[in-house]
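Here's the structure we're looking at; comments come further down.
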Amino acid sequence: KAGVTQTPRYLIKTRGQQVTLSCSPISGHRSVSWYQQTPGQGLQFLFEYFSETQRNKGNFPGRFSGRQFSNSRSEMNVSTLELGDSALYLCASSAKPGLPNTDTQYFGPGTRLTVL
Amino acid sequence: AQSVTQLGSHVSVSEGALVLLRCNYSSSVPPYLFWYVQYPNQGLQLLLKYTTGATLVKGINGFEAEFKKSETSCHLTKPSAHMSDAAEYFCAVSEDQGAQKLVFGQGTRLTINP
């Protein structure tokens with residue numbers, strides 16, 4: 001079974017631009033969560049989607065948004081990029097309730113975003 | 001809200017020595033608890049998880065963790081370190097039973113000396 005895939009793996013943008021990151025969950029998984037990883041703040045939860053609905057949201061400004069499609073693929077968007085948005089963005093998926101290991105998140109390799 | 005503390009941002013051990021990485025969490029309610037490992041330029045790989053039941057949990061790559069409710073701790077151990085264990089290790093707890101929102105510790109970078 002293929003793992004979580006994220007595209008692109010690396011991205012360079014300039015301040016003020018916007019960016020869209022993509023995540024394809026493990027086949028059969030319905031929940032997708034996003035995390036931001038920085039040296040200063042560590043790993044922080046952004047949001048979680050299940051069946052195209054946002055179920056949980058972390059403490060990030062409204063410039064950070066996401067969505068999920070009917071095939072469970074998810075995108076996150078960051079508008080008006082700031083230098084501090086430079087980070088590794090990780091996506092994780094988990095199985096829908098009723099299946100084994102529904103309580104476990106499986107992570108993708110991440111997208112490294114650099115804002116200049 | 002949950003919080004997770006990993007004692008020691010950097011741990012260094014000799015090859016063949018015991019590895020002990022410490023994790024304490026804040027909740028009085030036994031959470032779902034996870035240990036992940038991250039190799040350079042990669043995502044997070046699940047080492048082990050604690051949900052309910054046995055307090056000693058075995059994971060992959062020879063790692064195990066003992067969950068101690070009375071101490072709100074779940075320390076990660078490996079009897080004999082290998083060079084390939086060099087990586088960053090993260091302890092995380094879930095904020096809900098479905099474990100869809102994880103709260104992570106700051107991570108511990110493990111270095112193995114030959």
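A short reminder: the numbers here are calculations on the coordinates, not readings from a lab. Just so it is clear, the structure is predicted and the values come from calculations on it, not from any experiment. Note: ideal-geometry Cβ built from the backbone for every residue, glycine included; neighbour counts use all protein chains shown.
What are the semi-axes of the equivalent ellipsoid of segment B:8-66, taken as the square roots of 5 times the eigenvalues of the Cα gyration tensor, listed largest first and rounded to whole Å? Walk me through the numbers before you get to the answer.
Numbers: eigenvalues 92, 41, 35 Å².
Whole-Å semi-axes of the equivalent ellipsoid: 21, 14, 13.
For a quick check, take a GNM of chain B with Cα springs below 10 Å and name the residue from B:81, B:92, B:17 with the largest mean-square fluctuation.
B:17
Work through the residues other than residue A:81 whose Cβ is under 11 Å from its Cβ and net out their charges, Lys, Arg +1 and Asp, Glu -1. Intermediate values should be presented prior to the final figure.
Details: positive: A:13, A:15, A:63; negative: A:82, A:85.
Neighbourhood net charge equals +1.
With charges set only on the Cβ (+1 for Lys and Arg, -1 for Asp and Glu), what does the dipole of segment B:19-114 come to about its Cα centre, in debye to the nearest 20?
Values: 8 positive and 7 negative charges, 15 e Å.
Around 80 debye, computed over segment B:19-114.
Suppose we look only past 13 Å in the calculated P(r) of segment B:52-114. What percent of the Cα-Cα pairs does that tail hold?
Details: 1395 of 1953 pairs.
Of the Cα pairs, 71 percent sit more than 13 Å apart.
Just the C-alpha atoms of the protein assembly as shown: what Rg/Rh do they give, with Rh taken as the Kirkwood radius?
Working: Rg = 17.5 Å, Rh = 18.1 Å.
When Rh is taken as the Kirkwood radius, the ratio is 0.97.
Along its three principal axes, how long is segment A:1-56 when you only count alpha carbons? Whole Å, largest extent first please.
In descending order, the Cα extents are 36, 23, 21 Å.
Can you list which of the chymotrypsin sites (Phe, Trp or Tyr not before Pro) found in segment A:49-97 are DSSP loop residues with at most 13 other C-beta atoms within 10 Å? Let's see the in-between values first.
Details: sites: A:49, A:50, A:64, A:69, A:89; in loops: A:69.
Answer in residue order: A:69.
Taking all pairs of different Cα atoms in chain B, averaging 1/r and flipping that mean, what Kirkwood radius in angstroms comes out? Please list the in-between numbers first.
Details: mean 1/r = 0.0711 Å⁻¹.
Here the Kirkwood hydrodynamic radius works out to 14.1 Å.
Counting residues in chain A as N, plug N into 2.2 N^0.38 Å and put the Cα Rg over that result.
Values: Rg = 13.6 Å, N = 116, 2.2 N^0.38 = 13.4 Å.
Rg over 2.2 N^0.38 Å, computed on Cα atoms: 1.02.
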